[in-house]
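Participant: Okay, here's the structure, questions in a sec.
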Amino acid sequence: METTDKRKIDIDELKRHRKEYKEQMEEEDFGFRRRIQDMYDSYGQIGEGNLRLKMMMDESIQTVSFQRQQMYDRSEEYINTLDRKIRELEHDAEEASMKKRKETEENTYS
């Protein structure tokens with residue numbers, strides 16, 4: 001019974017961590033999107049004669065967009081890893097529960 005409770009706690013902690021992590025990543029993603037939008041707004045205010053500045057702004061926008069994509073890819077990979085671990089623990093807990101029931105039934109009929 002103790003190991004089943006421990007597994008349940010582990011699963012709940014992983015699910016809670018996954019939720020918190022996902023919320024944090026959504027906040028960071030929002031920050032990236034806001035930053036990119038601010039850069040686009042600034043880009044639009046640059047005069048026609050300032051071609052070099054526009055090129056630098058364009059490069060900055062591309063860099064921040066790339067960083068956002070990298071963050072997204074890493075977070076999705078981590079979330080997928082957490083999901084796999086949660087499924088494994090749930091499967092193990094179910095197997096342990098079935099084994100325990102089977103042992104209980106065998107002991108009852110013995």
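Participant: Provide a single number: the residues in the range 1-57 that are more than 18 Å from Glu88 (Cα to Cα), part of a helix (DSSP H, G or I) and among the hydrophobic types (A, V, I, L, M, F, W, C).
Facilitator: Total satisfying the criteria: 10.
Participant: Residue pairs, Cβ under 8 Å, 6 or more apart or interchain, first in the range 2-31 and at negative phi, second surrounded by 12 or more Cβ atoms within 10 Å (Cβ to Cβ) and of a type in the set (D, E, K, R). List them.
Facilitator: Pairs found: Thr4/Lys100; Arg7/Asp92; Ile11/Glu90; Leu14/Lys85; Arg18/Asp83; Asp29/Arg68.
Participant: For the range 38-46, check the following and say yes or no: at least one residue is within 18 Å of the chain's Cα centre (by Cα) and touching a residue at least 24 places away in the same chain (Cβ under 8 Å).
Facilitator: Checked against the condition, which is being within 18 Å of the chain's Cα centre (by Cα) and touching a residue at least 24 places away in the same chain (Cβ under 8 Å), the range 38-46 yields no hits at all.
Participant: Another one. Would it be correct to say that Tyr72 is surrounded by 13 or more Cβ atoms within 10 Å (Cβ to Cβ), hydroxyl-bearing (Ser, Thr, Tyr) and more than 28 Å from the chain's Cα centre (by Cα)?
Facilitator: So Tyr72 fails the test.
Participant: Give the residues of the range 23-69 that are surrounded by 15 or more Cβ atoms within 10 Å (Cβ to Cβ) and closer than 22 Å to Leu82 by Cα, sorted by residue number.
Facilitator: Met25, Arg68, listed by residue number.
Participant: Within the range 77-110, restricting attention to residues that are touching a helix residue (DSSP H, G or I) at 6+ places or on another chain (Cβ under 9 Å) and among the charged types (D, E, K, R), which residue is modelled with the lowest pLDDT?
Facilitator: Lys100
The values are calculated or read from the model by the stated rules, or taken from the named source; none is laboratory data. Note that this is a predicted model, so its numbers are computed, not measured. Because the Cβ atoms are built from the backbone with ideal geometry, glycine has one as well, and the counts that use them run over all protein chains shown.
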